[in-house]
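The values are calculated or read from the model by the stated rules, or taken from the named source; none is laboratory data. A quick note: this is a predicted structure, and the numbers were derived from the prediction, not measured. Here the Cβ positions follow ideal geometry from the backbone for every residue, glycine too, while neighbour counts run over all protein chains shown.
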Amino acid sequence: MTQSSAPVTREKAPLRHVLIVGGGTAGWMTAAALARLTRNGETRVTVVESEEIGTVGVGEATIPPIASFNGLLGIDEAEFMRRTQGSFKLGIQFVDWGRIGDRYIHPFGGFGVDMEAVKFHQFWLMAHAAGAKSPLGDYSLCTVAAEMDRFTLPGDDPRTVLSSLKYAYHFDAGLYAAFLREHAEARGVTRQEGKLVDVTLRGDDGFIQSVTLADGTVIEADLFIDCSGFRGLLIEQALGAGYEDWTHWLPCDRALAVPCEGTSAITPYTRSTARSAGWQWRIPLQHRIGNGYVYSSAHIGDDEARETLLANLDGAPLAEPRPLRFVTGRRKRQWVKNCVSLGLASGFLEPLESTSIHLIQSGISKLLSLLPDRSFDPVLSDEFNRLSQVQFEQIRDFIILHYKATTRDDSSFWNHVRTMQVPDTLSRKIELFRSGGRFFRYDDELFSEASWVAVMLGQGIKPSGHDPLVHTIDPRAVADKLAALRGIIRRTAQAMPTHDAFLARYCPAG
Ligand SMILES: Cc1cc2nc3c(=O)[nH]c(=O)nc-3n(C[C@H](O)[C@H](O)[C@H](O)COP(=O)(O)OP(=O)(O)OC[C@H]3O[C@@H](n4cnc5c(N)ncnc54)[C@H](O)[C@@H]3O)c2cc1C
């Protein structure tokens, strides 16, 4: 790192140059979204990336808001799916989490319909207390369609059950970055190949003045976006933002990733199977299945993890398993001076609920809402950091829930996570739910009540009672409504094409 003594000018004038360091998913998503800044001819946007270093390249499952990100960029869905070998995702199937042998789906979208302002799952709890057997998933179109391997786009008519269908995508991460790169370059973003070797800070205020590449090229900018991955080249190595380590709650610190051949129908959901020291993902694409074992190195060796992964693939592996290491946590300040970090440079939460790409999207949208000028009013970075902290912590709690809510005692890993202390914010939610199935969503948190209910019930947290207000509605009317809902959801799912047939018609990748 170098210090400069050049004089500082912090005018209230538009940014002249935005430099994005890193061309992984974060770098190219950011470039595609910021390309609009180049329209007025005053601002340039550049991406520096190093082919030699490469990308992490494993983020392949998403959640529904990604469709609005694509929509904002004007991306055609069918073309995007074709180009990225994509498939559709209706939720995540969790296998062996609460107990070995358990299986449930955390679907997108909600369950049933609320009645007279009482939450639907309260009626389900009441019915179950009275002996009903149908699982909660029978009241979710996403769950029922996923179980039948069926998919279609949701209808426009809000009166139909089909309009309740929510979906996201699975895609090939390398193809996604290439697709976004083409999109961004066509809209005025410049790409510079090169390896960053030095960062120069201004002497008087410590802002980043420029970066230097291995070939000696010096690039100055007003705003620097650190998308350099786990390294955090600017935000941490140059600006020392600090890192809050959450390994004591989320002890998985390694992953092995391997693609394999797909051998049967392309399932419209991600699968997460709990293993002795972590969990294994299965992400079906049109041309292959992505797999990986996320594990705790304190509880299993790399060789055993590799054997477990390779023994549990649908088809022949298409590459050697690729090792990855990480420390779960977040950058204490994700925006420091004139540097904003996005993607892995800003922190890491394991991909159990496919949230990392969403965090990039949400970081970009916060940055656009708080876009600075050259004066860099600190009120903007303070707000960005506050909002990011809340969001990271809320998602962290939801992921910890999956580990805490288990009865598994078959390995040192499960004994550790089952008995660990969890954040108070999470304990409160679990206790409230245990007492009467109540849940409250704070501060626009990402995961809805339906998501929390799906995971809590799916992993065996049984409320000891239910909302007394359910008894203010005629029980026969409730029973009729439940039966009618189950029927219409099942019939709607049965009328959908298979996921394979839908992909072949809508977005065949060839
Ligand atoms: C095991 C695992 C599984 C995951 N699964 C999912 C998932 O299913 N869903 C999801 O949403 N997210 C997932 N993620 C997260 C997701 O992969 C990342 O959020 C996403 O890929 C963004 O990564 P990135 O662009 O920040 O970093 P990277 O992909 O690491 O990109 C960093 C970029 O910086 C460049 N760079 C680094 N150093 C230099 C240098 N010195 N000079 C020039 N350039 C440099 C690199 O070349 C690269 O272009 C997963 C992550 C892991 C580890």
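Give the number of residues within segment 191-218 that are out of contact with any helix residue (DSSP H, G or I) (no Cβ under 7 Å at 6 or more places or on another chain) and within 11 Å of the ligand (Cβ to nearest atom).
10
If I ask for residues that are within 7 Å of the ligand (Cβ to nearest atom) and in contact with a Pro (Cβ under 9 Å, 6 or more places away or on another chain), which ones from segment 358-383 would you list?
Within segment 358-383, just 358 meets the criteria.
Can you tell me how many residues in segment 318-348 are more than 15 Å from the chain's Cα centre (by Cα) and part of a strand (DSSP E or B)?
Final tally of qualifying residues: 10.
Working carefully through the options 95, 113, 56, find the one that is at pLDDT below 95, aliphatic (A, V, I, L, M) and either out of contact with any helix residue (DSSP H, G or I) (no Cβ under 8 Å at 6 or more places or on another chain) or away from the ligand (no atom under 15 Å from the Cβ) (or both).
Testing whether each residue is at pLDDT below 95, aliphatic (A, V, I, L, M) and either out of contact with any helix residue (DSSP H, G or I) (no Cβ under 8 Å at 6 or more places or on another chain) or away from the ligand (no atom under 15 Å from the Cβ) (or both) leaves just 113.
Filtering segment 381-396 down to residues that are in contact (Cβ under 8 Å) with a residue 24 or more places away in the chain and aliphatic (A, V, I, L, M), which residue is surrounded by the most Cβ atoms within 10 Å (Cβ to Cβ)?
395
Kindly provide the set of residues from segment 381-420 that are in contact with a helix residue (DSSP H, G or I) (Cβ under 9 Å, 6 or more places away or on another chain) and over 21 Å from residue 100 (Cβ atoms), ordered by number.
383, 384, 387, 388, 391, 392, 393, 394, 395, 396, 397, 398
Quick one: residue 338 ticks every box in (1) of a type outside the set (Val, Ile, Thr); (2) within 9 Å of the ligand (Cβ to nearest atom); (3) buried (at least 21 other Cβ atoms within 10 Å of the Cβ) bar one, so which box is it?
Every condition holds for residue 338 apart from (2).
Among the residues of segment 285-297, are any farther than 21 Å from residue 176 by Cβ and not in a strand (DSSP E or B)?
Yes, segment 285-297 contains at least one residue that is farther than 21 Å from residue 176 by Cβ and not in a strand (DSSP E or B).
Residue check, residue 231 against (1) in contact (Cβ under 8 Å) with a residue 40 or more places away in the chain; (2) among the basic types (Lys, Arg); (3) under 30 Å from residue 420 (Cβ atoms); (4) touching a strand residue (DSSP E or B) at 6+ places or on another chain (Cβ under 8 Å), all met but one. Which one?
Among (1) in contact (Cβ under 8 Å) with a residue 40 or more places away in the chain; (2) among the basic types (Lys, Arg); (3) under 30 Å from residue 420 (Cβ atoms); (4) touching a strand residue (DSSP E or B) at 6+ places or on another chain (Cβ under 8 Å), residue 231 violates only (4).
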